[in-house]
1. Go through the residues of the range B:60-75 one by one and say whether even a single one is touching a residue at least 60 places away in the same chain (Cβ under 8 Å), among the hydroxyl-bearing types (Ser, Thr, Tyr) and open to solvent by 50 Å² or more (accessible area, probe 1.4 Å).
2. Name the residues in the range A:285-312 that are open to solvent by 10 Å² or more (accessible area, probe 1.4 Å) and either of a type in the set (Asp, Glu) or within 14 Å of another protein chain (Cβ to nearest Cβ) (or both), would you?
3. State which residue is nearest to the other protein chains (Cβ to nearest Cβ) when the search covers only the range B:123-139 and only residues that are in contact with a helix residue (DSSP H, G or I) (Cβ under 8 Å, 6 or more places away or on another chain) and assigned to a loop (DSSP other than H, G, I, E, B).
4. Among residues belonging to the range B:198-231 that are within 18 Å of B:ARG179 (Cβ to Cβ) and charged (D, E, K, R), point out the one that is least open to solvent (accessible area, probe 1.4 Å).
5. Looking at the range B:155-179, which of the residues that are without any contact (Cβ under 8 Å) to a residue 24 or more places away in the chain and outside any loop (DSSP other than H, G, I, E, B) is least open to solvent (accessible area, probe 1.4 Å)?
6. Would the range B:37-47 turn up any residue that is assigned to a helix (DSSP H, G or I), away from every other protein chain (no Cβ under 14 Å) and surrounded by fewer than 16 Cβ atoms within 10 Å (Cβ to Cβ)?
7. Does the range B:154-180 hold any residues that are within 12 Å of chain A (Cβ to nearest Cβ) and closer than 28 Å to B:GLU89 by Cα, and which are they?
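The values are calculated or read from the model by the stated rules, or taken from the named source; none is laboratory data. Note that the structure is predicted; figures quoted are calculated from it, not measured. Ideal geometry is used to build each Cβ from the backbone, glycine not excepted, and the neighbour counts take in all protein chains shown. Just so you know, the surface numbers come from the protein's heavy atoms only, side chains and all, with ligands and any DNA or RNA stripped out. Shrake-Rupley method; radii C 1.70, N 1.55, O 1.52, S 1.80 Å.
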Amino acid sequence: MNLALTELRRRPSRFTVATVVLTFLSLLLLLLGGLLDGLYLGSTGAIRAQEADVIVYSDSARDSFLRSRITPDMREVVEGVDGVTEVGGLGFTLLGATVPGESDLADVAVAGYELAPSGVPAPPPAGHAWADDRLRDAGVAIGDTLLVGPAATPIVVDGWVEDTNYLLQGGLWVTLDTWRAVQNANRPDAFLADGVVQVLVVRGEGDIGPAIDAATGSTSSLTRDEAVNALPGVKEQRSTFNAIIYSTLAVVLAVVGLFFSLLTLERTGLYGVLKAIGASTRRLFVGVVLQAVVVAVIAFVIGGALATLADRALPADVPLQLTTGRYVFTFVALIVAAVLGSAVSLRRVTRIDPASAIGSAA
Amino acid sequence: MSSSNPSDSSAPSGAAVLATAPALRLDGIRKVYGTGENAIVAVDHASLTVGGGEIVALLGPSGSGKTTLLSIAGGLLAATEGTVVVGGEDISGHSPRELTEFRRSKVGFVFQSVNLVPFLTAEENLLVVSELAGARGAARKQARTRAKELLAELGLSHRAGNLPAQLSGGERQRVAIGRALFNSPALVLFDEPTSALDTKIGEQVMELIQAEMRSRGTASVIVTHDTRMTHYADRTVRIVDGVLGLADAAGDVSGDH
């Protein structure tokens, strides 16, 4: 018989308010986290998939793929740098694509590549593409010919790849020549000469980034993680969502702290009696913490189930992505908040005088 | 009955003391609250010895210091001066942790307002004592057997599964007595055990206390302000303004101080 658990079992109504509030807060945490993950993963998949030691931009591009231009001359210099073992061109063009049988355009990111990213096969034949499986939601099927951009450039879908989207648009992975053709046909304002790419994906040994920049004198090399964070809006999204998530955790802390403080205050007489008959402060405090943790676990389970249902019910264009990592983070954060929140009661429990049990008719 | 020294109530008198070894010895106890001009002497050099199996009524008006003295005897409050020995254990210099352990194992309490744990059944309220002692495995099984035995002796077997709210005032007090006796303590301290009960139930409870203490040879100190209850005790000790004096066995305290 554990006093704290027995009370939870026999008097569940005393904990209902806290459980309901924490359930909604855990649901909110999961939805916020899911949206953050959905936005982040949907924006960065194409870059995270790159097996690159550095990604080389032209230095005037200020770390932007769309502004960057690497000429064949620059590429030759990069290939000659000590430690560089593999170099491949990479470029993206964001367009709408007509899908057979669908009235709405699909948002696609046509990605020209040479070195296969993780999970993406070697480049397909000219005019063909590996499509990110998120494009299924837009009605795309294998064998479809998508008409890309205002010029209706045809691209045939040969197969699916996963987690390769770019700025929330479905990745269409094509050869560099196909990509350049799409770009030049649909974005004449950003015409690309033969051999020009946006960035270089470079593999090698040692600290090759500074060596490349020193050799070319006109490039800026970033690691893959730096390149991910340099994508427009990614850092801002993360900091905004994280601020909301941590604020929500502060509310969880306050709710748990306030609730268990009031509960402890209400139990002052009972704790006095229990101390009088031999209960230690530690035992009583552990009981309070245990109750807070159990309430948090129940709230997480219900909140998690609701979030999972919401994920299934929401339209595909809502970038909600609930990952195992997000569930684990939210669970751990709730438990930590419950422990810290309930710890507010420690001072109150410690100060309860066992002598108060004597001479009190309360 | 009066003592030659009004502040020394050590000498057992009145009804026979059932065992020779003292269950409680208070020697020169002084308790002062505050300091300097604001100091209040709650108990003034009080000495009291309670023999094994003896039932002592501690009688006094409100604010007389009886609750303070009871708290000191039970290790709930530290005395400013003096020595407290319970069941042969000198607790005068005990740390708070040692006092917690002492209260858990050596002394039983029955409080004024019963104070059972409201969400535990009668049987579980007895088992709280072993739960606090961290009983596991065989010890827990033994505790369950002990709780059932105690409830049977107290005539509460049929109420074992009832919550305190489902028990009458007398039944709740009996459960509280069972909880106090659970660890077979050397001393049980009763704080106004009948104040929340009507006269008839109060007398029944006092009879039960007397019978249970006698049958176990357990010493007890019963704090009360109700002179009608003192005849259940072997001896009545009066306390006024923190000073102990003796009253007769029937609780007649007039002129003894």
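1. Yes; the residues of the range B:60-75 include at least one that is touching a residue at least 60 places away in the same chain (Cβ under 8 Å), among the hydroxyl-bearing types (Ser, Thr, Tyr) and open to solvent by 50 Å² or more (accessible area, probe 1.4 Å).
2. Result: A:PHE285, A:VAL286, A:GLY287, A:LEU290, A:ASP311.
3. Checked the range B:123-139; the qualifying residue nearest to the other protein chains (Cβ to nearest Cβ) is B:ALA133.
4. Here the residue is B:GLU212.
5. B:SER157
6. yes
7. B:ALA176, B:ARG179, B:ALA180, listed by residue number.
To keep it simple, each residue is scored yes or no on (1) more than 14 Å from chain B (Cβ to nearest Cβ); (2) in contact with a helix residue (DSSP H, G or I) (Cβ under 7 Å, 6 or more places away or on another chain); (3) at pLDDT below 90; (4) not in a helix (DSSP H, G or I).
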{"residue": "A:VAL332", "(1), (2), (3), (4)": "yes, no, no, no"}
{"residue": "A:ILE335", "(1), (2), (3), (4)": "yes, yes, no, no"}
{"residue": "A:ARG348", "(1), (2), (3), (4)": "yes, yes, yes, no"}
{"residue": "A:ALA361", "(1), (2), (3), (4)": "no, no, yes, yes"}
